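Worksheet: one structure, shown below.
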Amino acid sequence: PSVLLLLFLGYGVKQLTDFIHIDIPDLSGLLPILGTIGLIVIVLEGALDLELNRSKFGLVRKSLTVAFVPMLVMSLVLAFAFNYFGGYGFKNSLTSAIPLCVISSAIAIPSVKYLTKRNKEFVIYESSMSDILGVLFFNFVALNVTIDFQSFLWFILHLIIITAISFIATIGLSFLLSKIDHQIKFAPIIVLVILIYAVSKVYHLPALIFILLFGLFIGNLDELKHFKWIKKLNPTALDKEVHKFKEILIEATFIIRALFFLLFGFLINTSELLNQETLVWAGAIVGGIFVFRWIQLKLSGLPAMPLVFIAPRGLITILLFLAIEIENRIEIVGKPLIVQVIILSGVVLMIGLMVSKKKKEQEDEGCAEQHGLSM
């Protein structure tokens, strides 16, 4: 995955600047900003690639299950482990465990462009759902002092509110996209999307749901043309604008993702990378990630290869970790553990895709030879 190259490139630049004594100002404040924008454009780009029709409902259901069940089980297991071995409070342990259990769409989606269409669609759905459900689960645990029936009611109310906001905002943005005649039309749309996301976050609403629904809507206009009110948006003309919007979004996503991981790599210290106290925890966590994933894929009737390897941690893990209040953090889950889990899961992803690709090439060669003999 390119993320590993970017991380080590950023780390190398940091070592070089230290070696030649170049003073660099503190750039850590840029990390959450780049991360938030990166998360928005990555989920939006993934949503634009998804087809929304009845034939996809089974795939969506499976991807939702595979995204949520392992995350929930793994979070609870880790929280009990932190509570038992570290003596930390269970709520703080669970808050710190959740970021480690969310698949990063920022790494997963770009890594599967050479897989089959069905596997690619599954990973896009699953990783996007994992981001959204992970943020929902994290906010529910972190923002509620006590978890009771009232907190569940507030959670449901927030879901209803963001769904209503998403519907209104999506129609409004689609209308603007179809009506703006100025040569600069996509930048204001992207800024408005980020603004709606930011305002929703201020009120602790699950804003990623809006991003996903907006992308699904404008990316599936052909499936929605039979609705009378859709015709008012001039779907034929709007569809052409969406294709242009997607091209610009792909380039913007590449730049922001590259800058984020370069900066994160630049901010990594050697002591964090080689911290032996957390390395055992990191190895156990990464091992547990792929064990739970393999079990869930088998239970869902999905092919384990190569999907079992596509469970990287990355941008969303970092963002959720940074969102934990200082007083609620536990000692064991710090930057060293986060860095090690991201790198180890990325290495497993890299090796798994390489092995799967080699195996596929060998199978293709075998099929070609059999076809030649039959001729």
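Observations
- Modelled label reach - GLU327, point 7 Å along Cα→Cβ, the stretch 74-117 residues with backbone N closer than 15 Å: 92
- Placing +1 on the Cβ of every Lys and Arg and -1 on the Cβ of every Asp and Glu, with no other charges, gives the chain a dipole of roughly 1040 debye about its Cα centre.
- Accessible surface of LEU133 - all protein chains present, 1.4 Å probe, nearest 10 Å²: 40
- Calculated mean residue ellipticity, 222 nm, the chain: -25500 deg cm²/dmol, from DSSP H runs (n ≥ 4) at -39500 (n - 2.57) each, averaged per residue and rounded to 500.
- Estimated FRET transfer efficiency when R0 is 35 angstrom, pair LEU30-LEU159 (beta carbons, to 0.05): 0.65
- For the stretch 59-203, the number of Lys pairs with C-alpha atoms closer than 23 Å, counting only pairs eight or more positions apart or on separate chains, is 4.
- Rounded to whole numbers, the Karplus 3J(HN,Hα) couplings from phi for the stretch 305-310 are 9, x, 4, 4, 7, 8 Hz, using 6.51 cos²θ - 1.76 cosθ + 1.60 with θ = phi - 60°, and x at Gly and Pro.
- Structure-derived Cα extents along the principal axes in Å: which label, when the choices are (1) 66, 55, 37; (2) 67, 51, 39; (3) 66, 61, 52: (3)
- Cβ-derived FRET efficiency at R0 45 Å, HIS243 paired with SER271, nearest 0.05: 0.40
- Ordering TRP294, PHE261, PHE19 by Cα displacement along the dipole of the chain toward the positive end leaves TRP294 in first place; charges were set at the Cβ atoms of Lys, Arg (+1) and Asp, Glu (-1).
- Using the Karplus relation 6.51 cos²θ - 1.76 cosθ + 1.60 with θ = phi - 60°, the per-residue 3J(HN,Hα) values for the stretch 191-196 come to 5, 5, 4, 5, 5, 4 Hz, with x marking Gly and Pro.
- Accessible surface, the stretch 1-156, averaged per residue in Å² (probe 1.4 Å): 47
- Carbon plus sulfur fraction of accessible area for the chain, probe 1.4 Å, in percent: 68
- Here the 3J(HN,Hα) profile of the stretch 7-19, calculated from phi with Karplus coefficients 6.51, -1.76 and 1.60 at θ = phi - 60°, is 4, 6, 5, x, 5, x, 4, 5, 5, 5, 5, 5, 5 Hz, Gly and Pro shown as x.
- Spin-label proximity, ASN234 to the stretch 156-181 - amide N less than 15 Å from point 7 Å beyond Cα toward beta carbon: 174-181
The values are calculated or read from the model by the stated rules, or taken from the named source; none is laboratory data. Being a predicted model, the structure only gives us computed values, none of them experimental. Every residue, glycine as well, gets a Cβ built from its backbone with ideal geometry; the counts of neighbours run over all protein chains shown. These area figures cover heavy atoms from the full protein model, side chains too; ligands, DNA and RNA do not enter into them. Shrake-Rupley method; radii C 1.70, N 1.55, O 1.52, S 1.80 Å.
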